[in-house]
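Heads up, the thing below is written out as structure tokens.
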Amino acid sequence: MPTAHPSRVARPIRLGGARPIRLAAVALLDALALWAGIWLGSTGAWLLLAILVLGCAGINIAFLSDRAYPLRYLLPGLFFMAMMVVYPIIYTVYVAFTDYGTGHVLTKAQVIRQLESRLYEPPGARRYPFVAFQNADGDLRFLVTLEDGRQILSEGDQFHALEPGDPVLLDTDGDGTVDGLAGGYQALPSLGIMRHLGALQARVFHYGEMELRVTSLTHFARLSHRYRYDEARDELVDLQTGTVYRPVQGFFTSDTGERLSPGFRSVVGWRNFQTLVTNPRVSRPFLRVFVWTFVWAFMSVASTFVLGLGLALLLNDPRLRFRRTYRSLLILPYAFPAFISALVWRGLFNTEVGLINQILQAVGLSGVPWLADPFWAKVAVLLVNLWLGFPYMMLVTTGALQSIPEELYEAAYCDGATAWQQLRHITLPMLMISVAPLLISSFAFNFNNFNVIYLVTEGRPPIPGAGTPAGATDILISYTYRLAFEGGSGTDYGLASAVAVVIFVLIGTISYLNFRMTGVFEKVGENV
Amino acid sequence: MKRLAVALVLVALAFACTGQVLASEPGTLLIWADEVRSEVLLDVARTFESEYGIPVRVQEIAFGDIRDTLNVAAPAGEGPDILVGAHDWLGQLVTNGLLEPIDLGDKAKDFVPTALEAWTYDGALYGLPYATEALGLFYNKALVPHAPATFEEALELAKAAADRSKGIYGYALPIPDPYHTFPLMTAFGAYVFGRTASGGLDPLDIGLNNEGAIAGLELFDQMIEDGIMPVLDYATMQGLFTSGRLAFMQTGPWELSNVRQSGVDYGFIPVPPIQGKPARPFVGVQGFMISSFSENKLLAQAFLNEYVATTETMLRLFELDPRPPAYLPALEQVDDPDMAAVAQASAQGTPMPAIPQMSAVWTAWSDALTLIANQKLEPKEAMDEAVAQIRAIIEESMKR
């Protein structure tokens, strides 16, 4: 028995460098995390902060403790999986139970803040022109002319009435207009106030009972707050009319049913899922779209696999010349961005001026209504997906074919097996072990292949009499997109998330069952 | 070790990048505009900054993305002070509480009234309009001897000019495209939403399947069946016209720069009257809006009133993006005959409705047009179905 050469024995990799380097790296990471954590805390993103702290603590433990050695290899992957996969899933499930969407985009606190900051002019109120004065220290005073010609002058935030001819008003150049105030104040041109608008925005001036605010470069207006929020009783009161509004289903609603805009997002429980089932506009095409999605995914995988395998077998034959050239050319569809290819194909399939119809007509056949007819549109998207996907299958099967021992084929040839029998009894079974997981993942990918469907046909042509924006080539995910973002009133993230959750459950179950049945995760020799 | 160092550097960079998002800050102004308008705004910003020392930043975002980005960014505190967009965004943005009413003061009388009407929602003005547009008819002078005075004449000229064997087509508009098909329907009396007594839009009074609409769509259907109008999408139609193989193209002034560059000898007129009645297109108005999450609303308002609502800025915007200004002093100075055609078309058009339920309208209408164009359904059936869908969605949304 040959002894293994010492250098070929597998040994666990030792991360070179002593503890100081490890300490320095972890210290740097902690510094970054601290900086990010402060920033997150200041913006109030508590959930992300919690995740950051957990992740950082995990990294510290994993890299500094000797007992947690295996964790060093697992932890970064686990951390990013939690952030990029688990967290979005949890968030999507959460949104599915809310009414987040057009009309319910802000949080309740934001809506209250916005409504409370709304100012209104009492009916019959007028705008009052003003002149601003500034002294050397930069203090501002305003001279406002009221409707009856009276003038009032500000001092701080209070206005006082002035008699005409009051000595505080100065007219230094004798042209009849006031251009200065006693105490070193110079009149400012209206544009000169621009700099101060930021500060003036927040100031409220009083004259007797009137509340005055700066409303433009030249005018004051009587503006008051319209709403006031009572936190203890969770009510919003309209100060102008006295109506009381309570939060109901995402809107502040009065007793008579009047709703204040904007609404806020709120948890609505199972409403989105109920819509899926009970609303005929949404649920009627669901089964039809689901069946087509299945057929689409299955046919995509089957067609690309058959073509890919066929080409791989051809290119595997040593008798074929220029194999490398063929292989490079056949990889090209995979190299082009799928996005652009899909759009180009859309142009090629154009019934009037598309290249495919022109070729068919040149040969003597009639043009095919590719994207207009439901059946041909389905054929068109399947063809496009075949073109986009076969190079991947070809590459994968080429690799897998190399791993099948040559002796099996020689033995079969000696036994008199035909090529087809060799394929069925040797090639395919041996391939399946390595390729089956890829086929399943390709199925899952195509089940949700939004890009190809949306870019080539947008899910259309529309189904006559469907009563809903479902199209003949719509798969579940493109149907969801059109329902949530194009079919209703603006965007409806809640409904879209609910459908996404349903799709997730469906695909998860199918994939799990598939994995169990094909025994893909069993170790070789486990079930022999 | 090297890999760890690289990873740390990347992580540090990632964190550094998160600080780069521009947001509204007190004492400065942030404007969101697309690449066409940002050029002009940068100049205006520089002038403003040099005079008052208040920094004004302009961030370029693709036009189609501005509304959606605002929806997400503004509530998170990452939104701008001012943004540039189209008036049909109002429905969604105002319902989401993202816009602040605008006060033009005395300058209101300097704007085209239809433009101000388009920007008014729920009784308040939410935008400062700067350009109006409506679609018209481009024609290729090499294929069409003279401008048609009526729609019937246009169809005759189209039939004479078309030669399918040589790849020359007669009359085209993008199919399916409700915006482009609307003039054919309005000439016979169609409308989208009727008006309430107080002048607002009544979303339950839908006129897309009334007799006028059906008559217009039967004309549309007839044009396709007779072979005068091929079923093309927008890109193909535009490609055919700019390569000189299309006699009539019904689309809007945004194509002017492409058509001028293509070298085709073109003419541009409003869509001619159909059976003697005016074909009213949709009017779209572009304007400036103020975000309700802005920290500098007063300053933004003053900036818009004093620096954007000026003849100089309006003319510069016009230079870069040729559409008739909505600002009357600037409009008077514009000398371009194509612009006169657009202004004429806008004058006889109606503003696109801006309510948030419009997305449902466009989708259902577009599907109906596809079915009609593909000869799957008759106009009456298709539109009845579309209107039933629209009504269901609107009723649903009013209950939400």
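Residues considered: A:ASP171, A:ASP139, A:ASP148. Of these, the only one that is farther than 29 Å from A:GLN240 by Cβ, over 51 Å from the mean Cα position of the chain (by Cα) and in the same structural domain as A:ALA221 (by TED's automatic domain parsing) is A:ASP171.
For the range A:274-281, does any single residue satisfy the condition of being away from chain B (no Cβ under 12 Å), surrounded by 18 or more Cβ atoms within 10 Å (Cβ to Cβ) and free of Cβ contacts under 8 Å to residues at least 60 places away in the same chain? No, that holds for no residue. Scanning the range A:260-271 for any residue that is away from chain B (no Cβ under 12 Å), surrounded by 14 or more Cβ atoms within 10 Å (Cβ to Cβ), within 30 Å of A:THR509 (Cα to Cα) and not polar (S, T, N, Q) turns up nothing. Applying a threshold of 8 Å to beta carbon distances and a minimum spacing of six or more residues, or different chains, the list of pairs starting in the range A:321-335 at a residue that is hydroxyl-bearing (Ser, Thr, Tyr) and ending at one that is at pLDDT 90 or above reads A:TYR326/A:LEU315; A:TYR334/A:LEU388; A:TYR334/A:PRO391; A:TYR334/A:TYR392; A:TYR334/A:LEU395.
Please verify whether the range A:236-252 includes one or more residues that are under 29 Å from A:VAL95 (Cα atoms), among the polar types (S, T, N, Q) and more than 14 Å from every other protein chain (Cβ to nearest Cβ). No, every residue in the range A:236-252 fails to be under 29 Å from A:VAL95 (Cα atoms), among the polar types (S, T, N, Q) and more than 14 Å from every other protein chain (Cβ to nearest Cβ).
Would you be able to tell me the number of residues in the range A:51-109 that are part of a loop (DSSP other than H, G, I, E, B), away from chain B (no Cβ under 12 Å) and within 28 Å of B:ASP68 (Cβ to Cβ)? Of the residues in the range A:51-109, 1 are part of a loop (DSSP other than H, G, I, E, B), away from chain B (no Cβ under 12 Å) and within 28 Å of B:ASP68 (Cβ to Cβ). Scanning the range B:314-327 for residues that are modelled with pLDDT of 90 or more and assigned to a helix (DSSP H, G or I), we see that the one that is farthest from B:ASP110 (Cα to Cα) is B:LEU315. Scanning the range A:471-520 for residues that are closer than 15 Å to A:PHE450 by Cβ and small (Gly, Ala, Ser), we see that the one that is modelled with the lowest pLDDT is A:ALA484.
Scanning the range A:488-507 for residues that are crowded, with 23+ Cβ neighbours inside 10 Å and over 17 Å from the mean Cα position of the chain (by Cα), we see that the one that is farthest from the other protein chains (Cβ to nearest Cβ) is A:GLY488. Just one of the numbered conditions (1) farther than 25 Å from A:PHE450 by Cα; (2) touching a helix residue (DSSP H, G or I) at 6+ places or on another chain (Cβ under 9 Å); (3) hydrophobic (A, V, I, L, M, F, W, C) is not true of A:ALA372: (1). Could you check the range B:46-68 and list, in sequence order, the residues that are aliphatic (A, V, I, L, M), outside any helix (DSSP H, G or I) and more than 14 Å from every other protein chain (Cβ to nearest Cβ)? Residues satisfying the conditions are B:VAL58, B:ILE61, B:ALA62.
Residues in the range B:345-380 that are more than 9 Å from every other protein chain (Cβ to nearest Cβ), within 30 Å of A:GLY257 (Cβ to Cβ) and at pLDDT below 85: 0 in all. Reported count of residues in the range A:282-314, each being hydrophobic (A, V, I, L, M, F, W, C) and within 14 Å of another protein chain (Cβ to nearest Cβ), is 1.
So is B:ALA124 surrounded by fewer than 20 Cβ atoms within 10 Å (Cβ to Cβ) and touching a Pro at 6+ places or on another chain (Cβ under 6 Å) or not? Yes. Of all positions in the range B:285-294, at least one carries a residue that is out of contact with any helix residue (DSSP H, G or I) (no Cβ under 8 Å at 6 or more places or on another chain), in contact (Cβ under 8 Å) with a residue 24 or more places away in the chain, part of a loop (DSSP other than H, G, I, E, B) and at negative phi. Within the range B:101-114, does at least one residue satisfy the condition of being modelled with pLDDT of 90 or more and either in a loop (DSSP other than H, G, I, E, B) or in the same structural domain as B:SER262 (by TED's automatic domain parsing) (or both)? Yes, because at least one residue in the range B:101-114 is modelled with pLDDT of 90 or more and either in a loop (DSSP other than H, G, I, E, B) or in the same structural domain as B:SER262 (by TED's automatic domain parsing) (or both).
Please indicate, with yes or no, whether at least one residue in the range A:186-193 is over 21 Å from A:ASN135 (Cα atoms) and part of a loop (DSSP other than H, G, I, E, B). No, that holds for no residue.
In the range B:279-295, the qualifying residues are those that are modelled with pLDDT of 90 or more and facing another protein chain (nearest Cβ under 9 Å), and the one that is nearest to B:ALA76 (Cα to Cα) is B:PHE293. When B:GLU49, B:GLU78 are checked against the criterion of being closer than 20 Å to B:LYS297 by Cα and free of Cβ contacts under 8 Å to residues at least 12 places away in the same chain, B:GLU49 stands alone in meeting it. Of all residues being within 11 Å of chain B (Cβ to nearest Cβ) and assigned to a helix (DSSP H, G or I) in the range A:38-47, which is surrounded by the most Cβ atoms within 10 Å (Cβ to Cβ)? Just the residue, please. Step by step, filter the range A:38-47, then rank; the result is A:LEU40.
Just checking, which of A:PHE159, A:PHE220 is within 14 Å of chain B (Cβ to nearest Cβ) and either under 28 Å from B:TYR52 (Cβ atoms) or surrounded by 14 or more Cβ atoms within 10 Å (Cβ to Cβ) (or both)? Going through A:PHE159, A:PHE220 in turn, the sole match is A:PHE220.
Screening A:THR98 on (1) polar (S, T, N, Q); (2) surrounded by 19 or more Cβ atoms within 10 Å (Cβ to Cβ); (3) farther than 27 Å from A:LEU260 by Cα shows it passes everything except condition (3).
Please verify whether A:GLY174 is within 30 Å of B:GLU51 (Cβ to Cβ) and either away from chain B (no Cβ under 14 Å) or charged (D, E, K, R) (or both), treating the condition exactly as stated. In short, yes. Selection of first residues in the range A:122-134 that are in contact (Cβ under 8 Å) with a residue 12 or more places away in the chain and of second residues that are basic (Lys, Arg) and surrounded by 13 or more Cβ atoms within 10 Å (Cβ to Cβ), restricted to Cβ pairs under 6 Å at least 6 apart or on distinct chains, gives the following pairs, ordered by first then second residue: A:ALA125/A:ARG222; A:PHE133/A:ARG141. Every listed requirement among (1) closer than 30 Å to A:ARG118 by Cβ; (2) basic (Lys, Arg); (3) in contact (Cβ under 8 Å) with a residue 60 or more places away in the chain is met by A:ARG233 save one, (3). Looking at the range B:206-278, the helices (runs of 4 or more DSSP H) lying wholly inside it that each contain 2 or more residues that are surrounded by fewer than 18 Cβ atoms within 10 Å (Cβ to Cβ) and away from chain A (no Cβ under 14 Å) sit at B:211-225, B:256-262. Pairs, please: C-beta under 6 Å, at least 6 apart or cross-chain, first residue closer than 24 Å to A:VAL214 by Cβ and free of Cβ contacts under 8 Å to residues at least 60 places away in the same chain and in the range A:156-179, second among the acidic types (Asp, Glu) and part of a loop (DSSP other than H, G, I, E, B)? Matching pairs, first to second residue: A:VAL178/A:ASP171. The helices (runs of 4 or more DSSP H) found wholly in the range A:245-351 and carrying at least 1 residues that are within 30 Å of B:GLN389 (Cβ to Cβ) and not basic (Lys, Arg) occupy A:271-278, A:280-283, A:286-316, A:338-348. For B:MET383, indicate whether it is more than 10 Å from chain A (Cβ to nearest Cβ), closer than 30 Å to B:TYR130 by Cα and assigned to a helix (DSSP H, G or I). No: the conditions fail for B:MET383.
The values are calculated or read from the model by the stated rules, or taken from the named source; none is laboratory data. Only a predicted model underlies this, so the values are computations on that prediction, with no experimental measurement involved. A quick note on method: Cβ atoms are made from the backbone with ideal geometry, for glycine too, and the neighbour counts reach across all protein chains shown.
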